[in-house]
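Chemist: This is the structure I have questions about; it appears just below.
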Amino acid sequence: MDHLKAFAAQHPPNDVRTPTPKTLLRSTRTSLVGSRPLVRMTCETEVPDDHVPPLLMFRDIEVLHHRLTDEGRTKDIGYVTWLCKSYEWALRVRRDASVKAKVPPVPGVEEKKKATDSLRS
């Protein structure tokens with residue numbers, strides 16, 4: 001339990017919540033090859049998030065949970081359950097935030113778009 005509490009103190013569940021900012025261009029693999037590589041674009045949910053901080057899932061500490069259950073340590077079982085659910089919820093919040101996140105605006109692009117629109121009208 002001491003190791004678990006030390007891990008939770010060093011890597012709290014709230015650290016998992018914040019997703020990394022989106023890049024302007026997200027591609028994962030080349031699907032066709034021609035005179036130049038043609039890249040297939042993917043949606044945000046298909047691109048893996050490589051920057052998730054360390055976390056614990058129930059399967060990681062399932063053996064500890066079973067040992068605590070055998071010993072009848074209900075307070076420690078409650079802490080393990082709370083910690084696992086906190087990490088699980090933080091991952092869900094992170095995923096939802098990354099799907100809803102917008103690409104940061106590129107300086108100068110909005111002005112060019114307005115100028116082009118005004119020329120068309």
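Chemist: What pairs come out if I take residues in the stretch 64-93 that are touching a residue at least 24 places away in the same chain (Cβ under 8 Å) and under 16 Å from Asp2 (Cβ atoms) and pair them with residues that are among the charged types (D, E, K, R) and exposed (fewer than 13 other Cβ atoms within 10 Å of the Cβ) whose C-beta lies under 9 Å away, six or more apart or interchain?
Modeler: Within 9 Å, the pairs are Tyr79/Lys5; Leu83/Lys5.
Chemist: Among the residues of the stretch 81-97, write down those that are surrounded by fewer than 13 Cβ atoms within 10 Å (Cβ to Cβ) and among the charged types (D, E, K, R).
Modeler: Lys85, Arg92, Asp96
Chemist: Please find, within the stretch 49-80, the residue that is surrounded by the most Cβ atoms within 10 Å (Cβ to Cβ) out of those that are part of a helix (DSSP H, G or I) and under 21 Å from the mean Cα position of the chain (by Cα).
Modeler: Phe58
Chemist: Then there's this: May I ask you to list the residues in the stretch 63-121 that are in contact with an Asp or Glu (Cβ under 6 Å, 6 or more places away or on another chain) and modelled with pLDDT of 85 or more?
Modeler: Once the filter is applied, which keeps residues that are in contact with an Asp or Glu (Cβ under 6 Å, 6 or more places away or on another chain) and modelled with pLDDT of 85 or more, the stretch 63-121 yields only Leu68.
The values are calculated or read from the model by the stated rules, or taken from the named source; none is laboratory data. A quick note: this is a predicted structure, and the numbers were derived from the prediction, not measured. Note that we place each Cβ from the backbone using ideal geometry, even for glycine, and neighbour counts take in every protein chain shown.
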